[in-house]
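To start, the structure under review is shown below, and the notes come after it.
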Amino acid sequence: MQVLIAVASRFVQQVLKRHLSFLTQPATYCSSIAEARDLFGKSGFDLICIEGILADGKGIEFARALRLGGNGEKVPILLLSGNDDTQTTNEALAAGITEVFAKSDVEALADFIGRQEASEMITARLKGHALVVEDSRSVANIFEKMLDRLGMTAQIFARAEDALAGIGKRKTDLVVTDVQLEGNMTGLGLVRGIRQMEGRAARIPILAVSGLNDSARKIELLRLGANDFISKPVQEDEFAARVRNMVHLAQLLDESEAQREHLRRLAMTDQLTGLFNRHYMADIAAKRVPEALRHAIPVSLLVLDLDHFKHINDAHGHDVGDVVLAETGALIRKLCNSGEIAARSGGEEFVVVLINRDSRKAQSFAETLRCELEALRPAGLTVTASIGVGAVARGEQTDFQTLFKAADEAAYAAKKNGRNCVMVKEISRG
């Protein structure tokens, strides 16, 4: 499902991106009605979400104009409003808005869009790739044509061994296999081989086909992991119904798994910055730091504290403060190498575990971060940071808590030294 979102605030866009990460196609974002109108004209969208008031007009007026056009009559339009009152809702519904959501309830908006996508997946033509395993070319061609009419592409194999190897080469959404095949592997063997694979491949829906009307064979196929069984000669209506049921169920399972992964990431992620939260940091770093040191891999830890952050909130408001925190998090994430752990530990404090960086390299990283933050000017403000680096002397062993304490003390020293600077404290026996 293609979703167009018109929201002026970059911060709100980031929040929506995190809540809509489950979408099979990433949403398209813009910040004005003119952009939304242009994007919709160039590429049809399945759903539109627009803010109540943008710099160049009102979302309700955009919806009213879109409903008068030929292409926008049936597209669901959601209004993200800061005014949670009956008058706004009634005016929006009269203009053709499908539903109104408060800015404070992004989760309800995400839930609506998720349900809309699930509904569209069920009613739309099937999409996906099927493997047809059939040693009769004429029968295989019939299956291929029936699958094409359902919206699926098909790849034909005469031997089960070749089909099993083909599953690993591209995403497969369905397997249709005869029981009796040429070669050493039967359809039973293919079912067993697929179910012994790892990850998503082990859950591929399998429709077994046979000209033998043998109840014991059907039961054996189902016991080994086939999802359904159909007898030859195959009737197209029955084939279509069974394929739709299997593929839709698999898609729902994939969606459920994606939602579960989304919830898992929410549980370990700071929602404002997209970095890990302090709980996940403490858990993973407690394992990663000693492990790296045991293998003689240098580890350092950085504590960054934004200078005078309370003044930013007091003078410019918490919305601006949130933008500063979000953009600081994005900068840290950009500078980190793969495998390094960055977290917002609370308030205006950030923690980064630097893997394979000794004291000198960690100090260089911290200086780069300090300078780039000052040049970044998040929310149009000059923002600086006091940064402490905790490092481990070569050959020493330590744990996360000790390393964090050293970095925290170094950050405190940076504040006492006038702020906007980097201080280093190295852990050693001496």
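The values are calculated or read from the model by the stated rules, or taken from the named source; none is laboratory data. Note that the structure is predicted; figures quoted are calculated from it, not measured. Quick reminder, even Gly has a Cβ in these numbers, built from the backbone with ideal geometry, and neighbours come from all protein chains shown.
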Exercise. Being assigned by TED's automatic domain parsing to the domain that holds A241, surrounded by 14 or more Cβ atoms within 10 Å (Cβ to Cβ) and assigned to a loop (DSSP other than H, G, I, E, B), is that true of even one residue in segment 103-121?
Worked result: no
Seminar exercise, completed: Picked from segment 49-98 (must be charged (D, E, K, R) and touching a strand residue (DSSP E or B) at 6+ places or on another chain (Cβ under 7 Å)), the residue farthest from V15 (Cα to Cα) is D84
Problem set entry | Residue match in segment 206-226 (condition: without any contact (Cβ under 8 Å) to a residue 60 or more places away in the chain and within 29 Å of the chain's Cα centre (by Cα)) | yes
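Which one of these is farther than 24 Å from L20 by Cβ and in a loop (DSSP other than H, G, I, E, B): E61, E91, E73? Quick ask: steps written out before the conclusion?
On the way: E61 fails: in a loop (DSSP other than H, G, I, E, B); E91 fails: in a loop (DSSP other than H, G, I, E, B).
Answer to the check: E73.
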Exercise. For the subset of segment 192-213 comprising residues that are under 16 Å from D135 (Cβ atoms) and touching a strand residue (DSSP E or B) at 6+ places or on another chain (Cβ under 6 Å), which member is surrounded by the fewest Cβ atoms within 10 Å (Cβ to Cβ)?
Worked result: V209
Exercise. Taking the stated definitions as given, is K415 part of a strand (DSSP E or B) and among the charged types (D, E, K, R)?
Worked result: no
Exercise. Could you list, in sequence order, the residues of segment 343-352 that are surrounded by 19 or more Cβ atoms within 10 Å (Cβ to Cβ) and either outside any strand (DSSP E or B) or not small (G, A, S) (or both)?
Worked result: R344, E348, F350, V351, V352
Exercise. Which ones in segment 5-55 are among the hydrophobic types (A, V, I, L, M, F, W, C), part of a helix (DSSP H, G or I) and within 27 Å of L263 (Cα to Cα)?
Worked result: F11, V12, V15, L16
Problem set entry | Residues (surrounded by 16 or more Cβ atoms within 10 Å (Cβ to Cβ) and small (G, A, S)) located in segment 294-315 | S300
Seminar exercise, completed: Note on segment 227-272: residues more than 21 Å from D148 (Cβ to Cβ), of a type in the set (D, E) and exposed (fewer than 14 other Cβ atoms within 10 Å of the Cβ) are E257, E261
Exercise. Residues A92, A27: which one is in contact with a Leu (Cβ under 9 Å, 6 or more places away or on another chain) and either under 30 Å from G380 (Cα atoms) or of a type in the set (S, T, Y) (or both)?
Worked result: A27
For this session: Determine which single condition A385 fails, assuming it passes every other condition in (1) closer than 21 Å to I297 by Cβ; (2) over 30 Å from the mean Cα position of the chain (by Cα).
Result: (1)
Exercise. Would a scan of segment 390-406 turn up a residue that is surrounded by fewer than 16 Cβ atoms within 10 Å (Cβ to Cβ) and touching a helix residue (DSSP H, G or I) at 6+ places or on another chain (Cβ under 7 Å)?
Worked result: yes
Problem set entry | Residue within segment 252-272 that is more than 29 Å from N337 (Cβ to Cβ), assigned to a helix (DSSP H, G or I), at pLDDT 90 or above and more than 15 Å from the chain's Cα centre (by Cα) present | no
Seminar exercise, completed: Pairing a residue in segment 379-394 that is more than 17 Å from D307 (Cβ to Cβ) with any residue that is among the small types (G, A, S) and surrounded by 14 or more Cβ atoms within 10 Å (Cβ to Cβ), where Cβ atoms lie under 6 Å and the two sit 6 or more apart in sequence or on different chains, gives G390/A406; G390/A407; A391/S300; A391/S359; A391/A362
For this session: Taking A286 as meeting all but one of (1) small (G, A, S); (2) at pLDDT 80 or above; (3) within 30 Å of F350 (Cα to Cα); (4) out of contact with any helix residue (DSSP H, G or I) (no Cβ under 9 Å at 6 or more places or on another chain), write down the number of the exception.
Result: (4)
Exercise. How many residues are under 30 Å from A130 (Cβ atoms) and touching a residue at least 24 places away in the same chain (Cβ under 8 Å) if we restrict to segment 258-288?
Worked result: 3
Exercise. Residues in segment 32-43: is at least one under 25 Å from G380 (Cα atoms), crowded, with 16+ Cβ neighbours inside 10 Å and touching a helix residue (DSSP H, G or I) at 6+ places or on another chain (Cβ under 8 Å)?
Worked result: yes
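Name the residues in segment 332-342 that are in a helix (DSSP H, G or I) and buried (at least 20 other Cβ atoms within 10 Å of the Cβ), would you?
I332
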